[in-house]
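**Student:** Have a look at the structure that comes next, please.
The values are calculated or read from the model by the stated rules, or taken from the named source; none is laboratory data. The model shown is predicted, which means the values in this text are computed figures rather than measured ones. Please note: Cβ atoms are built from the backbone with ideal geometry, for glycine as well, and neighbour counts cover all protein chains shown.
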């Protein structure tokens, strides 16, 4: 007996939209949220541009007492979790307390909060370190706060696999559902757009130093210069399919397959593990490669990593020009939140039968000749999405997301619905 | 669907994969290596002392259980030492010892079938703080100076680096993760490693945890909430779990990594099995980030679930390795949880806390305690609770005061409790290979 894990709720806190519909309409309209950093003055820094959740005001979203107790990263996580539960239309109090799980991904924890406290310690002395440092900075803060806020007493988890974390948390939530959890909140956020956070990220040499938000993050482009960091992410409500059906829940789709692999040690000359992650995730889903209708790429924006991913996709699909997209070009890379947001985008793509676009890419780099969906959303019959993610150091993860309903074999009504979505997005863009 | 549902993947379920511990590596206060670790635990001696890793003048708690760890002597190269935070160094050294101990050689496990699961509560906090001090010129500049960033700085910011280091060390290309559920991270990371074997994602997993939190910011943050013992005048007797004079935990550091292996393949290799990891569960109290309800109900639920997974009854438990941190509320909370989950048997089973000897190394301790449980099963000896002299009426179980005890046992329970409200429980069985 293996329970089926379905997604019934989505909560998004993204640089280009707060809330699932705001994010999705901006994404279909190609409207990005990258800008010159405003959380601090980036003059003289190696990074000038980031994806900031500009319209987020913690006081409008969270109880006042929680705000000083938690980092911005947890503010965003708590907000996304609340939005996801509301979207799922479920009151956790109606579910047995030990069958409610929380598992989140974090990449760097409460960096900004931690920086402030270390500054106090070193400039003023140990007695100036605040009582909340012990619960705000560490990587488990968001999972703990979500469980407390919503009375979720079942299994708990915190996964750190850098930018693969969103998928690994989703995989863990699916395990929990298979082990008797009825409902899990899962996903990830990150928010290290502070001086120390950005300087540390830049130390990898993988970030773009460009000042023009439109030209800073161009994955698969001949002009790629690295990536733009961002803050935010997404939380999902993952449920046991039978329980979701019993309460009459609306279902976005199913977490049909998942796998994680790790790259060989640096310098080994062996093939990295991304292709194997995708193959294992499809095998886990019991689906052939032919079933994949769209790929949400990791899209590093770093030329060598882009070429590797493009070659992986080409080899995986043996030349079939499967549509590939990277809506994260509109948000920047959100670390633990990035892959979680890609899963949200994949679920929405399946719902509306439309592939969201990659923006800003003009000319594909040599070796990156993908069927990249660019600038405008593309209506398509979508039943299965493959989401890829890589984390710094060698983490690879893949998830196979399938649509809730059987895909309609006749194209006509599908195109009509997708066309309506795009038209609405166009109208919004003009307004 | 209503009511409790059966758990799949467990020891008594159909698919039959079981997890054996075939290798152990430990870096702990009092000595590097399994042998020195077990000698300390069974001697009842303590490794708590005044902090020497930095000058603790001006701090409320100035004591800790430190590792006398020389990375070069432990076999790390100059570049590894420069690149890795102290916690990562602990993990890599532990992983090497565990691999050697397991007898697994190069090529014995296909890289794709080898996984890594490392727990840590605070990651590379020591490196992160030290570099911040440089970049901010002693905490003076909020806009830190990027020119002083070392190339591996980002590796300190993301704790996942430590799992990478262990994976590179072992040549693992299967699932690799860092688990960071605060002070239950060690138990949870070992459990995650078991899960990878139970579900068939890996055949061998290096699973454990590491923390090196004895740095100013971490000591200060526990000072701020008075969680750590201020008994600076008598550090050797400062960690006093279940003793009525207890006044907080003593911070520790260290690492343990286990080689977890599919039981059948361990049998085929004909190697000794320390123990089987047979059941696990974790629960959140959804109550408070640091506070614990006195009744211990969520920990009790985790214990019941872990025993159910292992397919054993309360009376089968021969020893409980307690969280036993030595804070007023923890020891009471945990005692209530044992009574709730084990009933009358709670009064009969020996319970001890090795934190009395090696302090509380946050996320690492859960894995160190699993190592202690495996060694307790192997040796049929229960390590004691050091410094336990004055009874607390609310802690009225058999806590094995001061002296190790020979004990016949087939099953042991290890529990953990941590910030965030997390409660974890693991059941280990005696190895029979």
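**Student:** Quick one: would you say residue A:268 is assigned by TED's automatic domain parsing to the domain that holds residue A:403, surrounded by fewer than 23 Cβ atoms within 10 Å (Cβ to Cβ) and farther than 24 Å from residue B:199 by Cβ?
**Tutor:** For residue A:268, the condition - assigned by TED's automatic domain parsing to the domain that holds residue A:403, surrounded by fewer than 23 Cβ atoms within 10 Å (Cβ to Cβ) and farther than 24 Å from residue B:199 by Cβ - is met.
**Student:** Looking only at segment A:365-391, how many residues end up being touching a strand residue (DSSP E or B) at 6+ places or on another chain (Cβ under 7 Å) and either in a helix (DSSP H, G or I) or more than 23 Å from residue A:191 (Cβ to Cβ) (or both)?
**Tutor:** Adding up the residues that qualify gives 16.
**Student:** Another one. Taking the conditions exactly as written (surrounded by fewer than 17 Cβ atoms within 10 Å (Cβ to Cβ), touching a helix residue (DSSP H, G or I) at 6+ places or on another chain (Cβ under 8 Å), farther than 16 Å from residue B:112 by Cα and modelled with pLDDT of 95 or more), does residue A:256 satisfy them or not?
**Tutor:** no
**Student:** Any residue that is in contact with a strand residue (DSSP E or B) (Cβ under 9 Å, 6 or more places away or on another chain), surrounded by 24 or more Cβ atoms within 10 Å (Cβ to Cβ) and more than 21 Å from residue A:227 (Cα to Cα) - is there at least one of those in segment A:46-58?
**Tutor:** no
**Student:** Could you please tell me which pairs satisfy a Cβ distance under 9 Å, a separation of 6+ or placement on different chains, a first residue in segment A:101-113 that is at the interface with chain B (Cβ under 10 Å from one of its Cβ atoms) and at positive phi, and a second residue that is buried (at least 24 other Cβ atoms within 10 Å of the Cβ) and in a strand (DSSP E or B)?
**Tutor:** Matching pairs, first to second residue: A:109/A:160; A:109/A:190.
**Student:** Among the residues that make up segment A:282-289, is at least one of them in contact with a strand residue (DSSP E or B) (Cβ under 9 Å, 6 or more places away or on another chain), in contact (Cβ under 8 Å) with a residue 12 or more places away in the chain and crowded, with 24+ Cβ neighbours inside 10 Å?
**Tutor:** no
**Student:** Separate question: Go through (1) at positive phi; (2) without any contact (Cβ under 8 Å) to a residue 12 or more places away in the chain and name the single condition residue B:75 misses.
**Tutor:** The one condition residue B:75 does not meet is (2).
Yes or no, residue by residue, for (1) closer than 30 Å to residue A:78 by Cβ; (2) in contact with a strand residue (DSSP E or B) (Cβ under 9 Å, 6 or more places away or on another chain); (3) within 14 Å of chain A (Cβ to nearest Cβ):
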site	(1), (2), (3)
B:266	no, yes, no
B:279	no, yes, yes
B:286	yes, yes, yes
B:289	yes, no, yes
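**Student:** Would you say residue B:340 is surrounded by fewer than 24 Cβ atoms within 10 Å (Cβ to Cβ), part of a loop (DSSP other than H, G, I, E, B) and without any contact (Cβ under 8 Å) to a residue 60 or more places away in the chain?
**Tutor:** Taking the combined requirement at face value, the residue does not satisfy it.
**Student:** Hey, can you tell me all the residues within segment B:206-231 that are under 24 Å from residue B:91 (Cα atoms) and more than 7 Å from every other protein chain (Cβ to nearest Cβ)?
**Tutor:** Correct list: B:206, B:207, B:208, B:209, B:210, B:211, B:212, B:213, B:214, B:215, B:218, B:219.
**Student:** Look at residue B:55 and say whether it is surrounded by fewer than 14 Cβ atoms within 10 Å (Cβ to Cβ), away from chain A (no Cβ under 14 Å) and modelled with pLDDT of 95 or more.
**Tutor:** In short, no.
**Student:** Considering each residue of segment B:373-396, count those that are assigned to a helix (DSSP H, G or I) and touching a helix residue (DSSP H, G or I) at 6+ places or on another chain (Cβ under 6 Å), and give that number.
**Tutor:** Count: 1.
**Student:** Going through A:39, A:65, A:35, A:31 one at a time, which residue ends up being within 14 Å of another protein chain (Cβ to nearest Cβ), touching a residue at least 24 places away in the same chain (Cβ under 8 Å) and surrounded by fewer than 23 Cβ atoms within 10 Å (Cβ to Cβ)?
**Tutor:** Unique residue meeting the criteria: A:39.
**Student:** Look through B:203, B:262, B:243, B:234 and report the one residue that is more than 12 Å from chain A (Cβ to nearest Cβ), out of contact with any strand residue (DSSP E or B) (no Cβ under 6 Å at 6 or more places or on another chain) and under 27 Å from residue A:170 (Cβ atoms).
**Tutor:** After applying the criteria, what remains is B:262.
**Student:** Follow-up question, since we're still on this one. Which one of A:414, A:421, A:407 is assigned to a loop (DSSP other than H, G, I, E, B), closer than 24 Å to residue A:250 by Cα, modelled with pLDDT under 95 and in the same structural domain as residue A:305 (by TED's automatic domain parsing)?
**Tutor:** Going through A:414, A:421, A:407 in turn, just one is assigned to a loop (DSSP other than H, G, I, E, B), closer than 24 Å to residue A:250 by Cα, modelled with pLDDT under 95 and in the same structural domain as residue A:305 (by TED's automatic domain parsing): A:407.
**Student:** In segment A:178-209, which residues are under 17 Å from the mean Cα position of the chain (by Cα) and within 8 Å of chain B (Cβ to nearest Cβ)?
**Tutor:** Selection gives A:192 alone.
**Student:** Then there's this: For segment A:343-361, what are the residues that are over 15 Å from residue A:31 (Cβ atoms) and surrounded by 24 or more Cβ atoms within 10 Å (Cβ to Cβ)?
**Tutor:** Passing the criteria: A:343, A:344, A:346, A:347, A:349, A:350, A:353, A:354, A:355, A:361.
**Student:** Name the residues in segment A:131-140 that are assigned to a helix (DSSP H, G or I) and at the interface with chain B (Cβ under 7 Å from one of its Cβ atoms), would you?
**Tutor:** A:133, A:134, A:135
**Student:** Does residue A:238 satisfy being in contact (Cβ under 8 Å) with a residue 40 or more places away in the chain and over 16 Å from the mean Cα position of the chain (by Cα)?
**Tutor:** no
**Student:** Then there is this: Just give me the residues in segment A:146-177 being more than 7 Å from chain B (Cβ to nearest Cβ), over 24 Å from residue B:156 (Cα atoms) and buried (at least 24 other Cβ atoms within 10 Å of the Cβ), in sequence order.
**Tutor:** Those that are more than 7 Å from chain B (Cβ to nearest Cβ), over 24 Å from residue B:156 (Cα atoms) and buried (at least 24 other Cβ atoms within 10 Å of the Cβ): A:146, A:170, A:171, A:172, A:173, A:174, A:176, A:177.
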